[in-house]
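Input: a single structure, listed below in structure tokens.
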């Protein structure tokens, strides 16, 4: 079966997304080793996005077999009702999904511990959000090793800590 048909026949689950996040992270590490910095940062952003979305979906009570696509729209609607001032740019907006974590935890009367909250905002909202945007896919950016290492550090933080956000 052609790849497109295979993908359409089996929508991604939360479990699939977590496996893909790890794959993209490891692929990004290889791109960093070979000095392909644009691709490295691009994949690191996607990996962090997937871990961030996974944390949000787990906070909403979704389990590993949950289909991701069907679970994100209700999350956006919930956020619009709970936090209407939080802007939603697109489905790849790291700042939006960071704020989702904060609001979901508050809604559960379990605010993030202050140190974890500072780290999340520092590594994602003030870190990767400024270093990565999905729109970079169509551009040759000539990113530097420093750019890639910074993105790696921030994505590594998300990789290491996403389960603590839940």
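Inside segment 94-123, can you point out the residues that are farther than 12 Å from residue 60 by Cβ, touching a helix residue (DSSP H, G or I) at 6+ places or on another chain (Cβ under 8 Å) and in a loop (DSSP other than H, G, I, E, B)?
The answer is 111, 112.
Can you tell me how many residues within segment 116-131 are under 15 Å from residue 99 (Cβ atoms) and free of Cβ contacts under 8 Å to residues at least 24 places away in the same chain?
Of the residues in segment 116-131, 5 are under 15 Å from residue 99 (Cβ atoms) and free of Cβ contacts under 8 Å to residues at least 24 places away in the same chain.
Report, by residue number, each residue of segment 95-110 that is free of Cβ contacts under 8 Å to residues at least 24 places away in the same chain and exposed (fewer than 12 other Cβ atoms within 10 Å of the Cβ).
109, 110
From the set of residues in segment 132-151 that are crowded, with 18+ Cβ neighbours inside 10 Å, in a helix (DSSP H, G or I) and in contact (Cβ under 8 Å) with a residue 24 or more places away in the chain, which is nearest to the chain's Cα centre (by Cα)?
Among those residues, the one meeting the criterion is 151.
In segment 49-87, how many are in a loop (DSSP other than H, G, I, E, B) and under 23 Å from residue 15 (Cα atoms)?
Number satisfying all stated conditions: 7.
Do we find a residue being at pLDDT 95 or above, within 14 Å of the chain's Cα centre (by Cα) and either surrounded by fewer than 18 Cβ atoms within 10 Å (Cβ to Cβ) or assigned to a loop (DSSP other than H, G, I, E, B) (or both) anywhere in segment 29-48?
Checked segment 29-48: no residue is at pLDDT 95 or above, within 14 Å of the chain's Cα centre (by Cα) and either surrounded by fewer than 18 Cβ atoms within 10 Å (Cβ to Cβ) or assigned to a loop (DSSP other than H, G, I, E, B) (or both).
Residue under question is residue 63, and the condition is that it be exposed (fewer than 13 other Cβ atoms within 10 Å of the Cβ), closer than 18 Å to residue 25 by Cβ and touching a helix residue (DSSP H, G or I) at 6+ places or on another chain (Cβ under 8 Å); does it hold?
no
Give the residues of segment 77-90 that are closer than 20 Å to residue 166 by Cβ, surrounded by fewer than 19 Cβ atoms within 10 Å (Cβ to Cβ) and in contact with a helix residue (DSSP H, G or I) (Cβ under 8 Å, 6 or more places away or on another chain), sorted by residue number.
Narrowing segment 77-90 to residues closer than 20 Å to residue 166 by Cβ: 78-79, 82-83, 86.
Next cut, surrounded by fewer than 19 Cβ atoms within 10 Å (Cβ to Cβ) only: 78, 82-83, 86.
Once the filter is applied, which keeps residues that are closer than 20 Å to residue 166 by Cβ, surrounded by fewer than 19 Cβ atoms within 10 Å (Cβ to Cβ) and in contact with a helix residue (DSSP H, G or I) (Cβ under 8 Å, 6 or more places away or on another chain), segment 77-90 yields 82, 83, 86.
The values are calculated or read from the model by the stated rules, or taken from the named source; none is laboratory data. It should be emphasised that the depicted structure is a prediction, and the values quoted were computed from it without experimental measurement. In this analysis, Cβ positions are derived from the backbone assuming ideal geometry, glycine residues included, and neighbour counts consider all displayed protein chains.
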